[in-house]
Amino acid sequence: MSTSSKNSTQPADHVEEPVQTDGELIGATIDAVTSNLPVGLEPTQILSAGARFLRSTATQPQVVARRALGFVADEAAVLMGRSEIAPAPKDRRFTDDAWSTNPFFKRLAQTYLAADKAVHGIVADLDIDDKTRLRTEFIADLLTDAAAPTNTLAGNPAALKEARRTNGQSLVDGARHAMHDLRNNGGMPSMVDSRPFTPGDTVACTPGSVVFRNEVLEVIQYAPATAKVGQRPLLVVPPQINKYYVLDLAPGRSLFEHLVGEGHQVFAISWRNPGPEQRDWNLDTYCAAIIEAIDAALEITGAKDLNMLGVCAGGITQAALLAHLAAIDDDRIRSASFLVTIIDWDVPSMMGTMISRPVVEAATRRSQRQGVLKGSDLSKIFAWLRPNDLVWNYVANNYLMGKNPPAFDVLAWNGDTTNLPAGLHADFMNIAIENAMTEAGIVNVLETPVDLGAIECPSFVVGAVTDHITPWEGCYQTVNLLGGESEFVLSSQGHIQALVNPAGNPKGKYYLNTATPDTAEEWRADAVEHAGSWWDHWTVWLEAHLGRKVNAPDEQGSESNPIIMPAPGAYVLN
């Protein structure tokens, strides 16, 4: 269901959200899984996965026995000082010298690592189905990561040294940090000192102006940085569950800054942060709002068509919109790029383990009751997907060492959360549980059936090698769903690193294969590694879709769509 929209100079009023009880907050936290699709495991599913694991160990005692004997042998070697078990080179938990020089701490680390190997070995060796294995691996990760000695004062030599060095002040500071987080952060350790990062000042500061606003979104037009620009503009559709400025973090690390430096006319959507009153906003609502953004960008530039970039959940929305435009013979989209977006949910992944019909039904009921899926709840589950890096690392730093969390722009952006309206939440979850966009006619958008094969414009698809949120193998399947010519590029980084991937990065690399075979594995087998950032390759690809070069505009906006306010606008601040 679409909503009426109005171009206004005043942002919509902020709507207060209902207060959640602790139980509701825990349940909502379990609801979320990814920046593409917020669904998650119910407590009953976690218990069910654990029960299946225990039943499997009971029916396959030889697996447990073999791993138990292996642990006993490993522990005997540890106690005798003959063990060669050592932390992985990149395991930051055991970097203090005491882990290699102090006999007690060395044996403590080796015992923990031996137990970790045994637990994960049992999961790997059991004859269980793939979904149960992935869920059990997730639970095993949570338990073994929580059991690390570095999460306790007595088992953390660095924290003990700091306590001695500061005469106990670090412990006082740590207790203060813990009390602050209990009162203000739902008991989760703070990951970042966000005070240095203000949108429009230190982040989201590429020059531009808001030139269009409706109830759902603002459109920012960025100031040109070259004398000549391509006539055909680029419209960016960010994910609805994050604020757009991960694509405009800081000078030298901003995709928007890079694009205007390459002669593109860049327009970016900034979503309104919905409250319970917007509970009915759904996929139709967002697609209708994007059509108005397209109209504004084309009117301002005088172009007949434009290029689009969809990111994460914004890519899912973009795909649905493109299918609608194809159904009504609207050919105003010249090319479409998809960045870390999953449309085909059949690819095995941790996300897939979080999706089941009972979860979808329960999560939909919860978000309908509350009106929104809260962004703060989403951020908690994101953290628990990588507990060593995003939870226990900060327990040790903030509470045991008594240090302040770091000031880091990416983490500040990650903590600057937005809500997802119940209507869109339900649409996204139904798309996932049915894998509905992979077949024509299952999803309807703006009263037209979605057929991705009818999308004939050229497409550029990006995945990331170590992406734990949208596995690149799933991203790759998009090239087989779209009807036009498509190119796939694999970035070497993870989910967020792929977004913030500055040109000229000496450590960066990406993989290319001009062919698009049926499977990701076939594509990867013949892909060639290239140094640098996929940003550079993408801008070369976009060059063919820029249109003729014209003089850069002297100012943003137009008579019909005048400047409303400077970038980054009003919606990003709410």
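The values are calculated or read from the model by the stated rules, or taken from the named source; none is laboratory data. These figures come from a predicted structure and were not determined experimentally. Here Cβ is always computed from backbone atoms with ideal geometry, including for glycine, and neighbour counts include all displayed protein chains. Accessible surface areas use protein heavy atoms only, side chains included; no ligands, DNA or RNA. Shrake-Rupley method; radii C 1.70, N 1.55, O 1.52, S 1.80 Å.
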With a Förster radius of 45 Å, plug the Cβ-Cβ distance of Arg332 and Thr519 into 1/(1 + (r/R0)^6) and report the FRET value to the nearest 0.05. 0.85
In nm, spacing of pseudo-spin labels at Leu54 and His530 (7 Å Cα→C-beta vector): 5.4 nm
Cβ-based charge dipole, the chain, positive-most Cα from Val410, Pro387, Gly474: Pro387
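Using only Cα atoms, figure out Rg for segment 230-373 and give it as a multiple of 2.2 N^0.38 Å. Don't jump to the answer; show the numbers that get you there.
Details: Rg = 16.9 Å, N = 144, 2.2 N^0.38 = 14.5 Å.
Dividing the Cα Rg of segment 230-373 by 2.2 N^0.38 Å gives 1.16.
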For the pair Asp97 and Val172, what calculated FRET efficiency results from E = 1/(1 + (r/R0)^6), where r is the Cβ-Cβ distance and R0 = 35 Å, to the nearest 0.05? 0.85
Residues in segment 109-138 that a label on Ala77 would reach, taking backbone N under 20 Å of a point 7 Å out along Cα→Cβ: 109-125
How many nm separate the modelled label positions at Arg164 and Arg357, each set 7 Å beyond the Cα in the direction of the Cβ? 6.2 nm
Expected field for His530, accessible surface area in Å² at 1.4 Å probe radius, rounded to 10, holds 70 Å²
Amide H neighbours of Gly208 under 5 Å, at least 5 residues apart or on other chains, H built in the peptide plane: list them. Ala223, Ala567
Calculate one ³J(HN,Hα) per residue across segment 289-295 by plugging θ = phi - 60° into the Karplus curve 6.51 cos²θ - 1.76 cosθ + 1.60, and present them in order as whole Hz with x for glycine and proline. 5, 5, 4, 5, 5, 4, 4
Whole-Hz ³J(HN,Hα) for each residue in segment 311-323, computed from phi via Karplus 6.51 cos²θ - 1.76 cosθ + 1.60 with θ = phi - 60°, x for glycine and proline: what do you get? 10, 6, 4, x, x, 4, 4, 4, 4, 4, 5, 4, 5
When only Cα pairs under 8 Å and 6 or more residues apart are kept, what is the percent relative contact order across the chain? 21 percent
Exposure rank, largest accessible area first [Ser533, Ser100; 1.4 Å]: Ser100, Ser533
Loop sites only, by DSSP: take the GluC sites (Glu not before Pro) in the chain that have at most 15 other C-beta atoms within 10 Å and name the longest stretch containing none of them. 85-438
Segment 445-574: relative contact order in percent, alpha carbon pairs under 8 Å with at least 6 residues between: 18 percent
Difference of contour (0.36 nm per residue) and Cα-Cα distance, Glu543 to Asp130: 144.4 nm
Estimated FRET transfer efficiency when R0 is 35 angstrom, pair Leu512-Asn435 (beta carbons, to 0.05): 0.80
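Per the Kirkwood definition applied to all pairs of different Cα atoms, how many angstroms is the hydrodynamic radius of the chain?
Radius from the Kirkwood sum: 25.3 Å.
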Residues with amide H under 5 Å from that of Phe460, placed H, sequence gap 5 or more: Ala336, Ser337, Phe338, Glu487
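Computing the accessible area with a 1.4 Å probe over protein heavy atoms, can you report the carbon and sulfur percentage for segment 227-364?
C and S fraction of accessible area: 45 percent.
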Can you bin segment 78-167 into rounded, prolate or oblate? Criterion: square roots of the alpha carbon gyration tensor eigenvalues sorted a ≥ b ≥ c, rounded for a/c under 1.5, prolate for a/b above b/c, oblate for the rest. prolate
